Amino acid sequence: MNDSSSLAAEDINDLIHGRVRLAAMAYIAGAGEADFTAIKKAVNTSDGNMSVHLRKLEDAGYLAVTKGYNDRKPQTIYALTDTGRAAWHEYLEKMRQLLIEI
């Protein structure tokens, strides 16, 4: 490995790298936008756990949240913000670099 191009652990975005947040970001990035229930089912986690992780991504400015109703039921839609999309692409690039170096 070339020291000048080595990927340090601190180069990896810990906010995205967590298992639940990584799965959520991947799902939302692929879907364009998704409601809470679809994300939770795709990630296979509980309501509370999903809520906490989505809030962390929202607080970081990675997710835009739209609240509304669908057939009189509350519905929350998530989409990547420009900041979130940039962070996602940067994360994927760091992972690509890491895999190439291995």
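Count of the range 38-67 residues, restricted to those that are of a type in the set (Val, Ile, Thr) and surrounded by 14 or more Cβ atoms within 10 Å (Cβ to Cβ), is 4.
Hey, does the range 2-17 have a residue that's exposed (fewer than 13 other Cβ atoms within 10 Å of the Cβ) and at pLDDT 95 or above? No, the conditions are met nowhere in the range 2-17.
Filtered by the rule that a residue be within 22 Å of ASP14 (Cβ to Cβ), of a type outside the set (A, V, I, L, M) and assigned to a strand (DSSP E or B), the range 64-89 gives a lone residue, TYR78.
The values are calculated or read from the model by the stated rules, or taken from the named source; none is laboratory data. All values derive from a computational prediction rather than experimental measurement. Positions of Cβ are backbone-derived with ideal geometry, glycine not excepted, and every protein chain shown enters the neighbour counts.
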